[in-house]
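Asker: Below is one structure. I have some questions about it.
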Amino acid sequence: MSKIPTLADRLNKARTPSTPEVSDRAKRGLVAYIGAQPDTARATKDLADGTAATGIGRVALSGLSPQGLACADGCAFCCILSGADGGTITEAEAVALHSALAPLAGQPDGRAWHPKACPSLDPETRSCRAYEARPMICRAYVSTDVEACKSVSEGQAVPGPGTLGPYHTYLAAIGLSRAALKGVKRVSTYALAQVAAAAVDGVSLDEALVHARHKPTELDAELKRSKRDISRV
């Protein structure tokens with residue numbers, strides 16, 4: 001009788017399009033995470049909805065103290081989103097974001113300040129109204145130059161803004177989770193902008209998740225973009 005592979009076995013064999021260093025870091029974090037869970041069912045659920053990947057990313061961010069950042073409350077040029085997607089987030093992050101914004105349904109949102117702004121914003125103060133529930137992409141995106149952020153929001157490629165390393169580890173962890181759970185449980189990602197807009201427009205969580213769910217190829221594309229970003233550093 002063949003041995004049934006454990007989650008740890010599946011993770012150790014999993015591959016994802018990232019640099020070896022980032023992939024190994026994410027894999028070690030995931031194996032440690034599932035080892036700390038009370039049972040396989042809980043570990044599987046946390047891998048599938050991105051709780052594990054998000055946790056690993058946030059722990060890594062908490063150990064960083066970047067110097068010279070220009071980020072401040074109300075400086076929201078980074079919240080002017082490109083395209084209709086706005087960023088890749090996990091199911092756990094999508095649920096938390098929708099829950100934080102749903103009570104604000106019907107109120108003016110960031111799009112009253114700028115048509116491409118994140119709906120999470122207060123249009124008057126430009127502060128995030130879902131700050132505690134903001135996804136990893138929001139937590140990890142920083143800048144040393146406000147004018148550079150403004151230029152990026154206008155479509156210009158300039159130095160200054162960028163994502164911190166833990167974001168890349170988080171993405172790799174999602175990719176590894178998907179590979180490890182292939183044939184066992186679906187691991188989906190979602191469009192940040194669509195989830196936020198659905199919440200403030202009064203759309204239910206279930207419906208928001210259906211319409212904001214990415215095609216599987218989107219995560220692969222984001223991982224490849226992440227790998228290119230790392231190679232430029």
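Asker: Rounded to the nearest 0.05, what FRET efficiency is calculated for D9 and A32 with R0 set to 22 Å and r the Cβ-Cβ distance?
Answerer: 0.90
Asker: Less than 16 Å apart at the alpha-carbon level, and either on another chain or at least 8 residues along: which lysines does that give for K13?
Answerer: K3, K27, K182
Asker: Once both labels are modelled 7 Å past Cα along the beta-carbon direction, what's the S204-E132 spacing in nm?
Answerer: My value for the distance between the label points is 2.7 nm.
Asker: Let me ask something else. List the cysteines in the chain whose Cβ has no other cysteine Cβ under 4.7 Å from it.
Answerer: For the chain, the answer is C71, C75, C78, C128, C138, C149, because their Cβ atoms have no other cysteine Cβ under 4.7 Å.
Asker: Starting with the highest mean, order 92-99, 201-208 by the number of other Cβ atoms within 10 Å, averaged over the residues of each peptide.
Answerer: 92-99, 201-208
Asker: Same structure again: In percent, what relative contact order does the chain have, based on Cα pairs under 8 Å that are 6 or more apart in sequence?
Answerer: Once divided by the residue count of the chain, the mean separation gives 30 percent.
Asker: If you don't mind, there's one more thing I want to ask. Using only the alpha-carbon atoms of the chain as identical scatterers, what base-10 log of I(q)/I(0) does the Debye formula give at q = 0.12 Å⁻¹?
Answerer: Log10 of I(q)/I(0), two decimals: -0.66.
Asker: What number, in nm² with one decimal, is the all-direction average of the projected area of the convex hull of the alpha-carbon atoms of the range 63-177?
Answerer: Convex hull of Cα atoms, orientation-averaged projection: 7.7 nm².
Asker: Further question: What's log10 of I(q)/I(0) for the range 10-55 at q = 0.26 Å⁻¹, Debye sum over Cα points only, no solvent?
Answerer: Those come out to -1.00, one per q.
Asker: If the reach is capped at under 13 angstrom between alpha carbons, list the aspartates and glutamates near K45, excluding any in the same chain fewer than eight residues apart.
Answerer: E91
Asker: Under a point spin-label approximation (7 Å from Cα along Cα-to-Cβ), what is the A72-T125 distance to one decimal in nm?
Answerer: 1.6 nm
Asker: Related question: Report, ordered by chain and residue number, the aspartates and glutamates lying within cross-link reach of K185, taken as a straight Cα distance under 12 Å and ignoring same-chain residues fewer than 8 apart.
Answerer: D46, D49
Asker: In what sequence, highest mean first, do 128-137, 212-221 appear when ranked by Cβ atoms within 10 angstrom?
Answerer: For the peptides 128-137, 212-221, the packing ranking is 128-137, 212-221.
Asker: Also: Mean residue ellipticity at 222 nm from the helices of the chain, using -39,500 (n - 2.57) per DSSP H segment of n ≥ 4 over the full residue count, to the nearest 500 deg cm²/dmol?
Answerer: The helix contribution divided over the chain gives -15000 deg cm²/dmol.
The numbers here are math on the coordinates, done by the rules we state, and not lab data. The shown structure was predicted, so the numbers you read here are calculated from the model rather than taken from an experiment. So basically every Cβ, Gly included, is an ideal-geometry build from the backbone, and we count neighbours across all protein chains shown.
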